[in-house]
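Visitor: Before I ask anything, here is the structure I am working with.
Where a number appears in this text, it was derived from the coordinates with a stated rule and is not lab data. As the structure is a prediction and not an experimental result, all values here were calculated from the model. Ideal geometry is used to build each Cβ from the backbone, glycine not excepted, and the neighbour counts take in all protein chains shown.
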Amino acid sequence: MSEKSHHKVIILGSGPAGLTAAVYTSRANLEPTLIHGPMPGGQLTTTTEVENYPGFPEGIMGPDLMKNMEDQAKRFGTTLTVDTITEADLKSKPISLKSDKAEYTCDALIIATGAAPRLLGLDAEKELMGYGVSTCATCDGAFFRDSIITVVGGGDSACEEALFLTKFGKKVYLVHRRDELRASKIMQDRVLAHDKIEVLWNKQVKSIDGTKKDGVKSMTLYHTGTNEEEVVETDAVFIAIGHTPNSSLFKGQLEMDENGYIVPEKNSTKTNLEGVFACGDVQDHVWRQAITAAGTGCMAAIETERWLESGEAHQDSPGY
Ligand code: NAP
């Protein structure tokens, strides 16, 4: 039988949004429980140096920043629980969440489930993920010393990964489907000036060729204008083409845009359901920065506190 527990506030997700919400709600004595999956810390744990989070003039490693946030949340009494929620009834009072092993209820829910890396939709991505195909340069880059490495994408993530991978690879291809990069000017300049990086413009990956036993050997690219194909030798392919919000659990209950991003009220983290707040990348397809995620986590915590104080939470709830 699954274990049952009631909480005043549950936070789902342990990236900058969730942990900032945890710091604020725990400092407000709301004794939050933060539930996170088996890989805590969100996307910053798969990045290297974070140079643009205020307060760290020399930069800070992503995993260290997340560890600091977690320690700060724990210091004020946040309970961290590892579990994977598979069912959510956001309309019930109290709100109900279920996993394979437990049932949680809460008066207020802060959704900070973030976003997951997008894939190209190739069979090889599933077959060879972890065998030469990856979405995380920090995790897997060191396996490809003195190799030919490919990064797919033209945004800041792709540029950051390409630059990072020059530490290991003898050559790094950046495959981009257009003739200009989407990345910020500073990242573009760094990529274009790097002698190990070659940008393959107007190219899309048709297939990644290899086996689990031998890893990736090559990829077939096509020109997005002419469809002309070419086979390019490569030992690894890192996919860095953006993200999909982790919101499928709430589909049909919360208002979302066509890409699955939760749409809160304007200038607020309040969703269309009472007592349910959303912050961080699961509701942000525009800014998507650690600092903006943290900012909305703070907003969600303050709005949750005000909402609970207003007495709008169900008065018969076990939390009262
Ligand atoms: P992004 O900005 O959405 O860029 C995604 C890139 O992948 C685009 O170049 C896009 O091409 C390409 N792409 C998308 N779908 C594709 C497909 N099916 N096939 C081939 N290419 C595809 O995503 P991101 O780079 O992950 O960045 C997300 C946000 O985080 C941005 O706001 C970014 O500034 C920020 N970020 C900041 C830093 C930093 O400041 N250190 C680091 C990483 C990310 P098109 O350009 O043709 O659309």
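Visitor: With a cut-off of at most 16 other beta carbons within 10 Å, and DSSP calling the residue loop, which GluC sites (Glu not before Pro) in segment 22-58 qualify? Please list them.
Guide: Of the GluC sites (Glu not before Pro), the ones in loops of segment 22-58 whose Cβ has at most 16 other Cβ atoms within 10 Å are Glu51, Glu58.
Visitor: Quick one: work out the % antiparallel among DSSP beta bridges in segment 119-239, nearest 5.
Guide: Close to 45 percent.
Visitor: Treat each spin label as a single point 7 Å out from the Cα along the C-beta direction, and report the His194 to Val263 distance in nm.
Guide: Simple spin-label model gives 3.8 nm for this pair.
Visitor: Can you list the lysines whose alpha carbon is less than 20 Å from that of Lys185, not counting same-chain residues fewer than 8 positions off?
Guide: Lys196
Visitor: In debye, nearest 20: dipole of the chain around its Cα centre with unit charges on the Cβ of K, R (+) and D, E (-)?
Guide: 220 debye
Visitor: Take every Cα-Cα pair in segment 119-239 and report what % of them are more than 25 Å apart.
Guide: Looking at segment 119-239, the distances longer than 25 Å represent 14 percent of pairs.
Visitor: Related question: Report, in order of residue number, the helices in the chain meeting two criteria: a C-alpha extent of 18 Å or more along the helix axis, and a mean Kyte-Doolittle hydropathy of at least 0.0; treat each whole DSSP H run as one helix.
Guide: Those that pass (Cα extent of 18 Å or more, hydropathy at least 0.0) are 290-309.
Visitor: Of Lys74/Lys251; Lys8/Lys91; Lys8/Lys251; Lys91/Lys270, which ones are farther than 25 Å apart at the Cα?
Guide: Cα-Cα > 25 Å for Lys74/Lys251; rest within.
Visitor: Here's a follow-up. List the pairs from Lys171/Lys213; Lys126/Lys171; Lys67/Lys167; Lys206/Lys266; Lys67/Lys93; Lys4/Lys266 whose alpha-carbon separation is above 29 Å, in the order I gave them.
Guide: Lys206/Lys266; Lys67/Lys93; Lys4/Lys266
Visitor: Starting from 0.36 nm per residue, how many nanometres of slack lie between Asn68 and Phe56 once their C-alpha separation is accounted for?
Guide: This chain segment gains 3.1 nm when fully extended.
Visitor: To continue, here is another question. Along each of the three principal axes of the Cα atoms of the chain, give the extent in whole Å, ordering the values from largest to smallest.
Guide: Per principal axis, max minus min of the Cα coordinates gives 66, 42, 35 Å.
Visitor: Which order do peptides 163-171, 178-186 fall in by mean Cβ count within 10 Å, highest first?
Guide: 163-171, 178-186
Visitor: Continuing with the same structure: Which whole-number percent gives the relative contact order of the chain, counting Cα pairs below 8 Å spaced six or more residues apart?
Guide: Value for the chain: 21 percent.
Visitor: By DSSP, what percent of the beta bridges with both residues in the chain are antiparallel, rounded to the nearest 5?
Guide: 45 percent
Visitor: Using the Karplus curve 6.51 cos²θ - 1.76 cosθ + 1.60 with θ = phi - 60°, work out ³J(HN,Hα) for each residue of segment 198-211 in order, rounded to whole Hz, and write x for Gly and Pro.
Guide: 10, 8, 9, 6, 6, 10, 10, 7, 8, 8, 10, 10, x, 9
Visitor: What ranking do 75-86, 21-32 get when scored by the average of other Cβ atoms within 10 Å per residue, highest first?
Guide: For the peptides 75-86, 21-32, the packing ranking is 21-32, 75-86.
Visitor: Over segment 198-320, what relative contact order in percent results from Cα pairs under 8 Å that are six or more residues apart?
Guide: It rounds to 13 percent for segment 198-320.
Visitor: Could you check the simple spin-label distance between Glu228 and Leu273, using points 7 Å along Cα→Cβ, in nm with one decimal?
Guide: So the two model labels end up 5.4 nm from each other.
Visitor: Then there's this: Positive end of the charge dipole of segment 119-239 (Lys, Arg +1 and Asp, Glu -1 on Cβ, about the Cα centre): tell me which of Trp201, Val151, Thr226 has its Cα farthest that way.
Guide: Value computed over the given set: Val151.
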